[in-house]
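The structure appears right after this line, and notes come after that.
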Amino acid sequence: MGWFGWTELRGRTNGRFVSGGCMTLAVLVPALASGQVIGIGSSKPARRQPAPAAEQLPASDILEPDALRLLTGPRPNFAVPKEASHSSPQTDSDGSRLWSTLVSGATLADEIKLSLPPLQRATETQTAFNSSLASALDRFHMISVVFGLMAAYDKPNDIRSSWRAAAAGLRDQFARVASHIDRDGGKAYAEACIRAEELAALILGETINAEPDDEQQFQWSQLCDRAVLMRRLEAAKRFLLQGTASKDAFAEDPERLLHEAEFVAAFGELIVREAFADWDDDTYRGYAATMQEEALTLRKAVQQADYETAITAAKAVTKSCSTCHDGYR
């Protein structure tokens, strides 16, 4: 089957659109042959009416025969496009960066999809769950964070509509099961299985009804501790270094490099949100901002296949993280 639109177009050219055209030609061709169509088939060129003479208006203090004389200033050049009066906004009303400038809707969706296989392995049996509590806990926390980003995303049309509609509710559901695993350990197995099954159904296209908690005003720090975000950042940082270790490595998986760079950029914003540890420390915020900017530089370098800039930016991300870790633990 061809791309949408091409099959329909072929069908129409074999149907009434062609037959309608043939009917028009059947009427037009005899007329052309007999010269009945105006201006066609005549032995003499068509006569044109003479151009009208310029109207001689009497002098008047009211009517101005040359309107252009009254205009002042240079004439506008409409061939040159007008510059936009303002660029697209980069920050929200509270001064924070817009999420869409840091991470794409596709990257958020991919992170959810990538989370499912390890989550399914962890919830396959009670024994598997008990032996992987720590990793399962981090996974549930991160899924909650990603759904939180989807719920807060400033370009909602970039998120699948069914995911966007349930994002806030799924954010709170996955945060809740993570809290229960943290508190009850293996006893939360049944609830973890339900959430994993719902996630699989969502990815397959089913609609999940999930309502957000309305008990208190939402804060990002409700979803997880900063340590969870830092572990995800460490994983991203390792891949950024591996993916820029050589030109061959750089060319091997640019999509994954882009994915990890965007998550570093988004987390640079997330870790300084209110109530996370050190969120109001100016030095700490400076480290986070530097990490974020270098991650955005890396993203652009990946998009432009600029290896030299990419490796420099990846090292700068690592340096920023290491410097921050020396002062904040």
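The values are calculated or read from the model by the stated rules, or taken from the named source; none is laboratory data. What you see is a predicted model; the values in this text were computed from it and never measured. Don't worry about glycine lacking a Cβ; one is built from the backbone with ideal geometry, like all the others, and counts go over all protein chains shown.
Listing for the model above:
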{"read-out": "Among residues of the stretch 290-308, those that are without any contact (Cβ under 8 Å) to a residue 60 or more places away in the chain, polar (S, T, N, Q) and surrounded by 15 or more Cβ atoms within 10 Å (Cβ to Cβ), counted", "value": "2"}
{"read-out": "Condition check for C324: over 25 Å from the mean Cα position of the chain (by Cα) and surrounded by 17 or more Cβ atoms within 10 Å (Cβ to Cβ)", "value": "yes"}
{"read-out": "Among (1) surrounded by fewer than 22 Cβ atoms within 10 Å (Cβ to Cβ); (2) at pLDDT 95 or above; (3) more than 16 Å from G186 (Cα to Cα), the one test that L170 misses", "value": "(1)"}
{"read-out": "When residues of the stretch 216-230 are limited to those that are part of a helix (DSSP H, G or I) and of a type in the set (A, V, I, L, M), the one surrounded by the fewest Cβ atoms within 10 Å (Cβ to Cβ)", "value": "A227"}
{"read-out": "All positions within the stretch 208-225 that are touching a helix residue (DSSP H, G or I) at 6+ places or on another chain (Cβ under 9 Å) and either over 22 Å from T323 (Cβ atoms) or of a type in the set (K, R) (or both)", "value": "I208, N209, A210, E211, P212, D213, Q216, F218, W220, Q222, L223, C224"}
{"read-out": "Residue among E191, E211 that is acidic (D, E), surrounded by fewer than 19 Cβ atoms within 10 Å (Cβ to Cβ) and modelled with pLDDT under 95", "value": "E211"}
{"read-out": "Among (1) in contact (Cβ under 8 Å) with a residue 24 or more places away in the chain; (2) part of a helix (DSSP H, G or I); (3) of a type in the set (A, V, I, L, M) - the single one A128 does not satisfy", "value": "(1)"}
{"read-out": "Any chance R164 is assigned to a helix (DSSP H, G or I), free of Cβ contacts under 8 Å to residues at least 40 places away in the same chain and over 18 Å from Q222 (Cα atoms)", "value": "yes"}
{"read-out": "When residues of the stretch 232-289 are limited to those that are surrounded by 14 or more Cβ atoms within 10 Å (Cβ to Cβ), among the acidic types (D, E) and closer than 19 Å to S144 by Cβ, the one farthest from the chain's Cα centre (by Cα)", "value": "E269"}
{"read-out": "Within the stretch 139-161, tally of residues that are free of Cβ contacts under 8 Å to residues at least 12 places away in the same chain and touching a helix residue (DSSP H, G or I) at 6+ places or on another chain (Cβ under 9 Å)", "value": "2"}
{"read-out": "Test for A275: is it free of Cβ contacts under 8 Å to residues at least 24 places away in the same chain and either part of a loop (DSSP other than H, G, I, E, B) or more than 14 Å from A310 (Cα to Cα) (or both)", "value": "no"}
{"read-out": "Within the stretch 180-207, tally of residues that are in contact with a helix residue (DSSP H, G or I) (Cβ under 9 Å, 6 or more places away or on another chain) and outside any helix (DSSP H, G or I)", "value": "3"}
{"read-out": "Only listed residue being surrounded by 13 or more Cβ atoms within 10 Å (Cβ to Cβ), modelled with pLDDT under 95 and within 27 Å of P212 (Cα to Cα), chosen from S162, S93", "value": "S162"}
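For every residue, the table says whether it meets (1) buried (at least 19 other Cβ atoms within 10 Å of the Cβ); (2) among the hydrophobic types (A, V, I, L, M, F, W, C).
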| site | (1), (2) |
| --- | --- |
| L98 | no, yes |
| T101 | no, no |
| L114 | no, yes |
| S132 | no, no |
| L137 | yes, yes |
| F140 | yes, yes |
| V145 | yes, yes |
